[in-house]
Amino acid sequence: MDTEEAIGSLQRSGPYTFEWTKLHLPRWKTDPLRYEYDTLAAKALERLQAIAKERGFSDDPRKRPDLYQLLAENHARDDDLERFWTQLHAVPDWVDWEQLERGQRFFYRYAAANLMGFALQGFVGENSAASGVVEVLVRTGGFSTRVLLHRLLETFQWLLQVTESLQSIKPGGAGHISTVRIRLLHSSVRQRILKMVKSRPEYFDVETHGVPVNTLDSIHSIATFCCNHMWLQLPRMGVHPTEQEKEDYIALFRYLGYLLATPDEYFVTVDQARATMESMLVHELTVTDTSRVVCFNFIKCLVDLPPFNVSKEFIEAGSRVLNGDELCNQLEMGRPGWVSYACFRGHCWLVSALATAQRLSPTFDQWIIEHWKRLLHSAVIQSGLKGASKFDFKYVPQEGVQVEKEGNGRKGVNYGILSRPVETFYLGVFLFASILAFLACLMATIGLRAIAPYAVQCVSKLVGGR
Ligand code: HEM
């Protein structure tokens, strides 16, 4: 049996160290949460499925029901649906809309750093090593490289919708509706896996991993979404969010967590949220063979993807900087050469310089926020997904179907100066900043040497004059 961490003990997760305090969550408190889940949505889903059946819908992709639509039309006629609808539309008294709006701006303010951190630390490091979560992911087939990109874009769609505007996350807004759809999707995944476990208990080890998409996994996911930027990602790129930014972004996800049936008490304050994130690092990260499959496919999905054609080595270098070598070795990631690290350093210096400039100029900050919002919405929702997804249950778990390591079907990128534009740009930033730093040192040395004799004369006059 695992022992509890001692208060005051020093803990480490990759390059990140911290002290275990009273705010951290002991195992006796978190372990039972593996067997708790969103019963309200589970009941509502059953009712919606019954209504759908009555109306001639089925599992056939062309005849699948829009569960949200059914919920909106029928909640007043059914107690379970009404309870679900009421919870979703009740706004908790701790919600401060102005604060949530500020939280939404945080995502776009540091978009380049947030996206890089989310991909390389949130997905590659944290998600791959969350052993219970990956067991669910490989069973839905959505982590196959053939469909993974689409799923990632859908995740980004959700993220963009819930950060778009206040209107979007208020009841009835596009982000609110998408969040309800995600909650129903999670319930469908859980229902399907548990149904299969009934006839074949070995299909999913409920005793070890808990119920699929359980309360603890959800707390972990919300922490990954909002806390990891603050302590595990941005600071390692030279960007240090302010206390206000931390409070605002965590408050936004406390509300989104509430909509997704994730207990909000773990995100009440910045200190509590940080302790929750750190507790997950200590308790929940274990690299398994399935982690290696998920990590491998995730990297394959991004490598050489047009138009940026990012290389495997760049992803590995960034992952190693953010997650540490120990975890990346366990995930069997390659060891890239110094050029890839230099490119990643170029990225870090750029986002750090931008963050400083944004703090100095609110007009520039506003411009960056608006620019990223427009760019991401058009790239992800309009171009990538060709219109907003409704998050229906596409990759239904089936017996014998489990994702393994896969290729990406791309030919690879021919060598050329512009074949990998992002890396070339970041390498340029690295070289430019290095030359600037060298010149600054040179000038400082020359300046010091030039003024040194006068400084010595001044000091000796002062001393002699006494
Ligand atoms: C509570 C925080 C969470 C958020 C904000 C969240 C968000 C999302 C989003 C946006 C999607 C749709 C896009 C996609 O298909 O990837 C999704 C789907 C999915 N999520 Fe989550 N998720 C959370 C927790 C979890 C947890 C804890 C698990 C599993 C242990 C999980 C498993 C899944 C699965 C399997 C799908 C895909 C279903 C399919 O194949 O269509 N999620 N989630």
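Largest first, the extents of the alpha carbon coordinates of segment 210-321 on the three principal axes equal 41, 37, 26 Å.
The residues neighbouring Gly132, those whose beta-carbon lies less than 12 Å from its own, together hold a net charge of -4 under the Lys/Arg +1, Asp/Glu -1 convention. Straight-distance candidates among the lysines for linking to Lys390, with alpha-carbon spacing under 19 Å and chain neighbours fewer than 8 residues away dropped: Lys63, Lys170. Residue ranges 422-435, 197-210, 272-285, 337-350 sort as 272-285, 337-350, 422-435, 197-210 when ordered by packing (mean number of other C-beta atoms within 10 Å per residue, highest first).
What FRET efficiency comes out for the pair Thr288/His150, r = Cβ-Cβ distance, R0 = 22 Å, nearest 0.05?
Details: r = 25 Å, r/R0 = 1.15.
My answer for the efficiency is 0.30.
Per-residue extension of 0.36 nm, minus the Cα-Cα distance of Asn414 and Leu166, leaves a gain of 84.8 nm for this segment.
Taking a Cβ cut-off of under 11 Å around Trp231, the surrounding Lys, Arg, Asp and Glu residues balance to a net charge of +2, with basic ones at +1 and acidic ones at -1. Compared with the dominant principal axis of the Cα atoms in the chain, helix 215-226 is inclined by about 30°.
Charge tally around Tyr426: other residues with Cβ under 12 Å, Lys/Arg +1 each, Asp/Glu -1 each, net +1. Taking each of Lys198/Lys394; Lys198/Lys386; Lys246/Lys394; Lys198/Lys405; Lys373/Lys394 in turn, the alpha-carbon distance tops 32 angstrom for Lys198/Lys386; Lys246/Lys394. Extending 7 Å from the Cα toward the beta-carbon at both Thr39 and Leu194 defines two label points whose distance is 1.0 nm.
Pop out the Kirkwood hydrodynamic radius of segment 123-255 from its pairwise C-alpha distances, inverse of mean 1/r, in Å to one decimal.
On the way: mean 1/r = 0.0603 Å⁻¹.
Value: 16.6 Å, from the Cα pair sum.
How would you order 449-459, 233-243 from highest to lowest mean count of nearby Cβ atoms within 10 Å? Kindly include the intermediate steps, with their values, before the conclusion.
Details: 449-459: 9.8, 233-243: 18.6.
By packing density, highest mean first, the sequence is 233-243, 449-459.
Considering Cα pairs under 8 angstrom that are at least six residues apart, work out the relative contact order of the chain and quote it in whole percent. Mind dumping the intermediate values first?
On the way: 570 pairs, mean separation 112.4, N = 466.
Reported as a whole number, the value is 24 percent.
Any idea how far the Cα center of segment 43-97 sits from the one of segment 261-325, in Å? The two parts, judged by their Cα centres, are 32 Å apart.
Taking the Kirkwood radius as Rh and the Cα radius of gyration as Rg, the chain has a ratio of Rg/Rh equal to 1.03.
What is the Rg over Rh value, at two decimals, for segment 423-466, using alpha-carbon atoms and the Kirkwood definition of Rh? Numbers along the way, then the final one.
Details: Rg = 18.7 Å, Rh = 13.0 Å.
So for segment 423-466, dividing Rg by the Kirkwood Rh gives 1.44.
Available extension along the chain between Asn74 and Arg12 is 17.3 nm, counting 0.36 nm per residue and deducting the alpha carbon span. With a simple spin-label model that places each label point 7 Å from the Cα along the Cα-to-Cβ direction, the separation between Thr242 and Phe308 comes to 2.8 nm. Here, segment 38-161 yields an orientationally averaged convex hull projection of 10.5 nm² when only Cα atoms define the hull. In plain terms, the residue of Arg190, Arg374 with the fewest other Cβ atoms within 10 Å comes first and the most crowded comes last, giving Arg374, Arg190.
Ordering of 112-121, 79-88 by packing is 112-121, 79-88, highest average first (other Cβ atoms within 10 Å, averaged per residue).
What full-extension length gain, to one decimal in nm, is calculated for Asp66 and Val268 as 0.36 nm per residue of separation minus the Cα-Cα distance?
Values: separation 202, 0.36 × 202 = 72.72 nm, distance 3.37 nm.
Fully extending the segment from Asp66 to Val268 adds 69.3 nm.
A short reminder: the numbers here are calculations on the coordinates, not readings from a lab. Because the structure is a prediction, the values reported are computed rather than measured. Ideal geometry is used to build each Cβ from the backbone, glycine not excepted, and the neighbour counts take in all protein chains shown.
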